[in-house]
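First comes the structure, then the notes that go with it.
The values are calculated or read from the model by the stated rules, or taken from the named source; none is laboratory data. Keep in mind that what you see is a predicted model, and the values were worked out from it rather than measured. Glycine gets a Cβ as well: all are built from the backbone with ideal geometry, and neighbour counts include every protein chain shown. The accessibility values were calculated without ligands, DNA or RNA, using every heavy atom of the protein model including side chains. Shrake-Rupley method; radii C 1.70, N 1.55, O 1.52, S 1.80 Å.
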Number of protein chains: 2
Amino acid sequence: MKGGGVEVGVAAKDSTQRNGVNRGVSILDFILRLLGFIATLGSAIAMATTNESLPFFTRFIRFRAEYDDLPTFTFFVIANAIVSGYLILSLPFSIIHIVRSKAQKTRILLIFFDSAMLGLLTAGASAAAAIVYLAHKGNRKANWFAICQQFNSFCERISGSLIGSFIGVVLFILIILSSGVALSRR
Amino acid sequence: MKGGGVEVGVAAKDSTQRNGVNRGVSILDFILRLLGFIATLGSAIAMATTNESLPFFTRFIRFRAEYDDLPTFTFFVIANAIVSGYLILSLPFSIIHIVRSKAQKTRILLIFFDSAMLGLLTAGASAAAAIVYLAHKGNRKANWFAICQQFNSFCERISGSLIGSFIGVVLFILIILSSGVALSRR
């Protein structure tokens, strides 16, 4: 708060106004991070706990679908877990930004990690979405059949777990935007 | 340049230094956007021109693989085309930032669109990567066979076209970072 005190002396009212706007942006940032944490954690848990056994088993195979039958879903769970872990770890920084609204270096650090995490989360979500689409529709040309015809509730569950991830993606774009606004208004 | 002139009068040397750094960052931003444009355009073209006919045809089917047999690859091409179009359209803004290094609003606008485009590009690239992985390895549990055993050069081509997209993703993260640095240093 020392550096802040010196600058307040120079242009008190203007600075106070700017601080107020910055504080508002920082609080918004905090809320967005918290929502993102909940969305990605929910997504990871929903996917990781998915499995379905069909009520019949023929010959020597028991039909059972789990999320880790497809490596893409494993990646999805890991990506969501990493991002939600990152978001909970970034909350203290967000609190620092609320208290010290002139902080710059930590904001730039966060903007870098935020965009990297946006990349990771989008990668996980859209790769999983591509596979979910395939599971629903199959592909005639490649001779890949729609497994959703057998595993109904499994497919509904994995489709649903994508939602949290895509909400997380939108939240990250808003977080990066709010960081940009805060940086321009110090 | 009017507003800039007023501020130069207040703290001439400091401002000039800052302008210098900002100009450097803006030039870097321009170069990154140009590289990103080349990478994503190359990626889109490489994928869109991919097709392979097998040298034999049995019964009544001619074996032929094209990129738009799989909707994910169509999305990949569209996403890359949109992003490369956006990057070429954002170059004038980047030039404005080199000339007027105090510009803020356009930077915030760009930071928002940049992160949205990062999301779109990552989505396209990783969805395509998930399908390419499946084409290479197949999935025993879901009864999806590796089509790459038949379509060799097709698979090599689609794998290669992913590279440009992922380079584009990394470039976007650097572009967002450089925007953050420029905003903090006005």
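Okay, here's what the table says:
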{"read-out": "Rounded, prolate or oblate (a/c below 1.5 giving rounded, otherwise prolate when a/b exceeds b/c) for the range B:17-153 by Cα gyration tensor", "value": "prolate"}
{"read-out": "Average other protein chain Cβ within 10 Å of Cβ, residues A:131-144", "value": "5"}
{"read-out": "Inter-label distance for B:I163 and B:I27, nm, one decimal - labels placed 7 Å from Cα along Cα-to-Cβ", "value": "2.9"}
{"read-out": "Label-point separation, B:V99 to A:I38 (7 Å along Cα→Cβ), nm", "value": "4.7"}
{"read-out": "Of all accessible heavy-atom area on chain A, the percent that carbon and sulfur account for (1.4 Å)", "value": "68"}
{"read-out": "Inter-probe distance in nm under a simple model that places probes 7 Å from Cα toward Cβ, at A:F113 and A:Q149", "value": "4.8"}
{"read-out": "Phi to ³J(HN,Hα) by Karplus 6.51 cos²θ - 1.76 cosθ + 1.60 over the range B:99-104, Hz, x for Gly, Pro", "value": "6, 10, 6, 9, 4, 10"}
{"read-out": "For the range B:91-106 versus the range A:111-186, the gap between their alpha-carbon centres in whole angstrom", "value": "33"}
{"read-out": "Crossing angle, helix B:105-137 versus chain B [Cα axis fit, 0-90 degrees, rounded to tens]", "value": "20"}
{"read-out": "Teacher prompt: A:A146 distances to equivalent labels in other copies, 7 Å Cα→Cβ, nm", "value": "2.8"}
{"read-out": "Other-copy label distances relative to A:K105, 7 angstrom Cα-Cβ extension, nm", "value": "3.3"}
{"read-out": "Inter-copy label distances at B:I163 (7 Å, Cα→Cβ; nm, one decimal)", "value": "4.1"}
{"read-out": "Shape call, the protein assembly as shown: gyration tensor on alpha carbons, a/c limit 1.5", "value": "oblate"}
{"read-out": "Accessible area that becomes buried as B packs against A, both chains, 1.4 Å probe, Å², nearest 100", "value": "3300"}
{"read-out": "In order through the range B:140-147: 3J(HN,Hα) via Karplus (6.51 cos²θ - 1.76 cosθ + 1.60), integer Hz, x for Gly, Pro", "value": "5, 5, 8, 6, 9, 8, 6, 6"}
{"read-out": "Per residue value of the accessible surface for the range A:28-186 (all protein chains in place, 1.4 Å probe), Å²", "value": "45"}
{"read-out": "Between helix B:152-184 and chain B: long-axis angle, C-alpha atoms, 0 to 90°, nearest 10", "value": "20"}
{"read-out": "Cut-off under 5 Å, modelled amide H: who pairs with A:W144 long-range", "value": "A:N139"}
{"read-out": "J(HN,Hα) series, the range A:31-37, from Karplus relation 6.51 cos²θ - 1.76 cosθ + 1.60, nearest Hz, glycine and proline x", "value": "5, 4, 5, 5, 4, x, 4"}
{"read-out": "Relative packing of peptides B:82-95, B:155-168 - highest average C-beta neighbours within 10 Å first", "value": "B:155-168, B:82-95"}
